[in-house]
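Colleague: There's a structure below that I have some questions on.
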Amino acid sequence: MIKRVTINLNQYLGRINYLSTNCRALIVGFLFINCQLLISAPVSAQDYVRRAPDLDRLTQELFAEIQSDQVPYEDLYETLLQYYQTPINLNTATREELRSLLLLSENQITTLLRHREANGDLLSVYELQSIEGYDLRTINRILPFMSVLSSNLNASRGSLWQRIASEDNNALYLRYERVLQQRRGYTPPTLFQGRPTTRYLGSPDKMLIRYRVSHTKDFSLGFAMEKDAGEPLTWNPKNGQFGADYVSAHLLLQERGRLKTLALGDYQLQFGQGLLLSSGFGVGKGAETITTLRRSSVGVRAYSSLLENAFFRGGAATVQVAPTVQATGFASHKNVDANLQQAQDSLAQFDEFTSGLLYTGFHRTASEIANRHQLAETVGGGNLGYTSRNGNLAVAATGVFTHYGTPLLKRAEPYNRFEFSGKQNLALSLNYSYVWHNLLLFGETARSSGGGLGTVNGLLASLGPTVDAAVLARHYDANFHTIYGNAFGENTRNINETGVYLGLKVRPVARWEVSAYYDQFSFPWLRYRASAPTHGHDALLRLAFAPAKTSLLYVQLRQRLKPRDLPTDGQVRPVPLPGQQLRQSVLMYYNSAPTTFLELRTRVQASRLRDDDGRAWRRGYVLAQDVSYRLNPAVKLTGRYSLFDSDDYDTRQYVYEQDVLLAVSIPALYGQGTRIYGIAEVRVNRAITFWLRYAETRYRYQNTVGTGLETIQGSLRGEVKAQMRVKF
């Protein structure tokens, strides 16, 4: 139902009395213009304020993560979508909640809280223009993820079931995708040494059903079912198989008096700096050099993602023990993928064990299905936190106990000497956050049951209206073990690492921004593909210019010295040769919107790689041009044409692509060829929207595409994806 927006001008004029004469004139003029627009065209208040997020541009601005397959892009994307579906209410959001979006500096958060304390609830998101530090660029970035609602809005909306039935944020998604060419895994099996070769047991179709209804600070209810390509549809409730291979469901209730949050089903947890519990926005190093360093204690969150290993399953609750004290308890039990093995030695420590957990989420072949949900995992713990009344000081303690039904035992390799082994692990931590004037001090220190310590501590400083700086130091022992932790670091896990990070952001003049960081790190013990203690560094410099609200231009340089074992060239050596690999990359990006219907994006990125054994440079590059055109309010067309060339797989290029809503695509491009895609978005009516996407990669000088069971005969790989959204 379309609602007509009404504006109480007396409330606005009353608010204006708090502002200076110049700000007062600006806002009165702005309100007059917007009142004329609202009178001439009735629209939904929420739709008018919150347009769909431009995740492609936001990805470029925030992460631009730069040639890496270790970044959890899907988790980042899902977190952004969760914020879009359940936006942060600027009138009730705490300092931690505002931090969690990573789009606001500490100084911007402080000025917003002071403005709210002095003037009461915001009446419109456009009131942000009157707050110090909020320019149009910042406001446009946060608009899709923010709302301005009454602080007691839920109390007047009826019972929970009435609110669910009347909620606008209520939609069902149906998606289908398939690679058009036949892959080896779907051909009839052949005999090899008298035995049939491995093949996928399911069809090449990938299908998804997803439903969610939610409201900010009130409730979230949803489920998701996904079948990956190659997975069979199986109905076996005893083994937890209900047709689709992956099934997830959740119910989240919030703000029920002293009960702040109650989660049943699948959920995520994030406390402190993520040493023990981290979910969602674990960005780490990227184009945003300041705000992405710190993590936020957002506590219990609903889980509606398709990642099959990054969640808890059971129940969690947060209770307001006192006005400044909150307590959270949680319990989780689920079966995870693992390859169980029998000990060959009768004197072995364990009769049955697994060498590690499997995180791919694929169950396509007989061996993958045999590993499905073989290891029972039970996790429990809690968090007790204190936050001062003004929100400037926060201190909390966290405990996490993990138990596995079968022991974990890594392979007997030197680099695995300090890895976790056994059935259970207990980890305890203390974290803090303190705001003093324009400084934010934060950190977390933890100890695991093996005796290992992990600590991360940082400082964010606003040195002036146009200068921000950051320092972060971390140290993780080689025997520090945390299963669901993901604090800041160079490694994908918080283990065997010491480092110091320095970040800087300067806005010398209007529309210009310079960002830089330098990270020095070392690994005191051996690592996989590094047969000796090693060290390295990572540095980035970015110059960005926004000539207009609808355009952005930036140039980015990065250098990374990465320790690894160098090839032996067939020489007989007792161990590989420890060395360094130097990677240098450049990225140039331009985004413009010449008209309200047309948007153009140009991207050029290149990198070169050299080992320190005197070998020649190896290179790779991508040139991509995007065009988006809105034919009318109901139809939008998007396309890209790109050229790529890389000497080998190590110089592959990762390029973020636009996709259907709730999907993410970041292919690795290597070899030589072209990559194109096109998306048509058609809004049939208010309730139904369709997306159709076609993408293809065409290689030169190749007779096959892919490897193993994904091999395609020929030089072309094309894929189609269709999605329908039904809003209730």
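Colleague: Binning at 10 angstrom from zero up to the longest distance, how are the C-alpha pair distances of the stretch 412-529 distributed in percent?
Modeller: 13, 36, 28, 16, 7, 1
Colleague: In terms of the Cα gyration tensor, with a ≥ b ≥ c the square roots of its eigenvalues, is the stretch 377-461 rounded because a/c is under 1.5, prolate because a/b exceeds b/c, or oblate?
Modeller: oblate
Colleague: Right, another one. Using a/c under 1.5 as the rounded threshold, could you call the stretch 478-630 rounded, prolate or oblate? The axes a ≥ b ≥ c are square roots of the C-alpha gyration tensor eigenvalues, and prolate needs a/b larger than b/c, oblate otherwise.
Modeller: prolate
Colleague: Give me the orientation-averaged projected area of the Cα convex hull of the stretch 418-475, in nm², one decimal.
Modeller: Result: a mean projected hull area of 5.0 nm².
Colleague: Here's another thing I want to ask about it. Gap in Å between the Cα centre of the stretch 443-478 and the Cα centre of the stretch 517-557?
Modeller: 17
Colleague: To continue, here is another question. If packing is taken as the average count of other Cβ atoms within 10 Å, what order do 670-678, 298-306 fall into, highest mean first?
Modeller: Peptide ranking by packing, descending: 298-306, 670-678.
Colleague: I need the peptides 203-213, 158-168, 365-375 ranked by packing, meaning the mean over residues of other C-beta atoms within 10 angstrom, with the highest value on top. Spell out each step's value before the answer.
Modeller: Details: 203-213: 18.2, 158-168: 12.7, 365-375: 16.4.
Output ranking for 203-213, 158-168, 365-375: 203-213, 365-375, 158-168.
Colleague: Which loop-located trypsin sites (Lys or Arg not before Pro) does the stretch 400-498 contain, where loop means any DSSP state but H, G, I, E or B and the Cβ has at most 11 other Cβ atoms within 10 Å?
Modeller: Details: sites: 410, 411, 417, 423, 447, 474, 493; in loops: 410, 411, 417, 493.
Here the sparse-neighbourhood loop sites are 411.
Colleague: For the stretch 593-728, how big is the tail of P(r) above 21 Å, as a whole percent of Cα pairs? Each step should come with its number before you reach the end.
Modeller: Numbers: 4748 of 9180 pairs.
In whole percent, the share of Cα-Cα pairs in the stretch 593-728 beyond 21 Å is 52.
Colleague: Regarding the stretch 193-339, what's the average projected area of the Cα-atom convex hull, expressed in nm²?
Modeller: 13.5
Colleague: Continuing with the same structure: Could you tell me which of rounded, prolate or oblate describes the stretch 224-293, using a ≥ b ≥ c as the square roots of the eigenvalues of the alpha-carbon gyration tensor, with rounded for a/c under 1.5 and, failing that, prolate when a/b is larger than b/c and oblate otherwise?
Modeller: Oblate.
Every number here is computed from the coordinates shown, using simple stated rules; none is lab data. The shown structure was predicted, so the numbers you read here are calculated from the model rather than taken from an experiment. Counting neighbours? That spans all protein chains shown, and the Cβs are built from the backbone with ideal geometry, glycine included.
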